[in-house]
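The structure appears below as structure tokens.
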Amino acid sequence: MDNIFNKIIKGKTVLLGVGNILKGDDAFGPRLAEILAGEGHLICIDAGSAPENYLGKIAREKPDTVIIADAVHMDAAPGTYDILHKDEIVRSGFTTHDLSPVMAIEYLEQETKADIYMLAVQPGNVAFGEEMSDSVKKALGEIVAAIKKVTSEQ
């Protein structure tokens, strides 16, 4: 399988991990940001459940690429992941957060002119106090390996 990150990680890249680490699979985004911190040319930000608080910081970085990593209800099997563009995010369903990801993306597009993607993983369980499911842990491992491969080649 092609490494999907070869096509999207270009230039200065910000990875914004979004999610609540206390809610099972919703911890995907923050865990990804934590694991990849310091990897290659990535700027990793754990935004927790309040990504809107980090939009100005991202804009000041003047990135070429922004990847928003989050648990997204895509009507797929838990652990399924995909790269979504703005139009696909509207059709995909809902993230597990209050802020509209489309509004955040439109703001970042206007402020940075960066290519912006959402790395979406289908959660299985987002109940408070639960651990991350095995299917999302597996996806996390695959994604970390794929991103590290790309960043080590740059």
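The values are calculated or read from the model by the stated rules, or taken from the named source; none is laboratory data. Note that this is a predicted model, so its numbers are computed, not measured. Note: ideal-geometry Cβ built from the backbone for every residue, glycine included; neighbour counts use all protein chains shown.
Can you find, within the range 1-11, the residue that is surrounded by the most Cβ atoms within 10 Å (Cβ to Cβ) among those that are in contact with a Lys or Arg (Cβ under 9 Å, 6 or more places away or on another chain) and either assigned to a helix (DSSP H, G or I) or at pLDDT 95 or above (or both)? Steps first, answer last, please.
Step one: list which residues in the range 1-11 are in contact with a Lys or Arg (Cβ under 9 Å, 6 or more places away or on another chain), which gives 3, 5-6.
Restricting the remaining residues to those that are either assigned to a helix (DSSP H, G or I) or at pLDDT 95 or above (or both) gives 5-6.
On the way: Phe5: 19, Asn6: 12.
Filtering first and then ranking leaves Phe5.
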Margin query: Condition (residue is part of a helix (DSSP H, G or I), small (Gly, Ala, Ser) and more than 18 Å from Tyr107 (Cβ to Cβ)) applied to the range 30-50: is it met by at least one residue?
Written below: yes
Note to self: For the structure I just gave you, tell me whether Ile58 is in contact with a Leu (Cβ under 9 Å, 6 or more places away or on another chain), in a strand (DSSP E or B), of a type in the set (Val, Ile, Thr) and under 15 Å from Tyr117 (Cβ atoms).
What the structure shows: no
Check: Before we move on, is Ala71 touching a helix residue (DSSP H, G or I) at 6+ places or on another chain (Cβ under 7 Å), modelled with pLDDT of 95 or more and under 22 Å from Asn3 (Cα atoms)?
Finding: no
Checklist line | Of all residues making up the range 127-154, the number that are touching an Asp or Glu at 6+ places or on another chain (Cβ under 6 Å), surrounded by fewer than 20 Cβ atoms within 10 Å (Cβ to Cβ) and part of a loop (DSSP other than H, G, I, E, B) | finding: 1
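Out of all the residues in the range 74-127, which are polar (S, T, N, Q), modelled with pLDDT under 90 and more than 16 Å from Pro51 (Cβ to Cβ)? Outline the logic, then answer.
Applying the first criterion (polar (S, T, N, Q)) to the range 74-127 yields 80, 92, 95-96, 100, 110, 112, 122, 125.
Applying the additional criterion that residues be modelled with pLDDT under 90 yields 92, 95-96, 100.
Ser92, the sole residue that qualifies.
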Note to self: Looking only at residues that are touching a strand residue (DSSP E or B) at 6+ places or on another chain (Cβ under 6 Å) and of a type in the set (Gly, Ala, Ser) in the range 20-57, which one is surrounded by the most Cβ atoms within 10 Å (Cβ to Cβ)?
What the structure shows: Gly29
Checklist line | Failed item in (1) in a helix (DSSP H, G or I); (2) touching a helix residue (DSSP H, G or I) at 6+ places or on another chain (Cβ under 7 Å); (3) within 19 Å of Thr151 (Cβ to Cβ), with Asp25 passing the rest | finding: (3)
